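The values are calculated or read from the model by the stated rules, or taken from the named source; none is laboratory data. Computed from a predicted model, the values in this text were never measured in an experiment. Every residue, glycine among them, receives a Cβ derived from its backbone with ideal geometry; neighbour counts consider all protein chains shown. Side chains included, ligands, DNA and RNA excluded: accessible areas come from the protein's heavy atoms. Shrake-Rupley method; radii C 1.70, N 1.55, O 1.52, S 1.80 Å.
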Amino acid sequence: MFSDRRIRDALAAGQVGVWRWEVGADRIEWSPNLEEIHGKEPGTFDGTFASFAEDIHPDDRDEVIQVIEKTLANGGAYEVQFRLPPLPNRSDRWLEARG
């Protein structure tokens, strides 16, 4: 999905990532730069929703999951902003997700 170098370069330049979630299979595929955006080492994201949810700030996690569950139940699109888990000596890191 993300093998084209031009696509990877554009995502990196824009500091955006692209993902695809096969809900029934609980399989999330991230563009390669999303691990970096999330502050993860390359190859450490296991591709599950649970792993994604663990990477949401604890104070934001329930709201994000509720928004996603509501969208799955009712259809349509969603847009949500959330923080990543805090890191020592680092300011909050915010992401926006759409699906």
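For residue 51, the accessible area of its heavy atoms, probed at 1.4 Å with every protein chain present, is near 20 square angstrom.
Can you tell me the accessible area per residue over the chain, all protein chains present, probe 1.4 angstrom, in square angstrom?
67
Label zone of residue 65 (point 7 Å out along Cα→Cβ, amide N under 15 Å): in region 36-50 this covers 48-50. The fraction of all Cα pairs in region 15-99 landing in successive 10 Å bins from 0 to the largest distance is 16, 53, 28, 3, 0, given as whole percents.
The residue list 12, 91, 71 was ranked by how far each Cα lies along the charge dipole of the chain toward its positive end, using unit charges on Cβ atoms, and 12 comes out on top.
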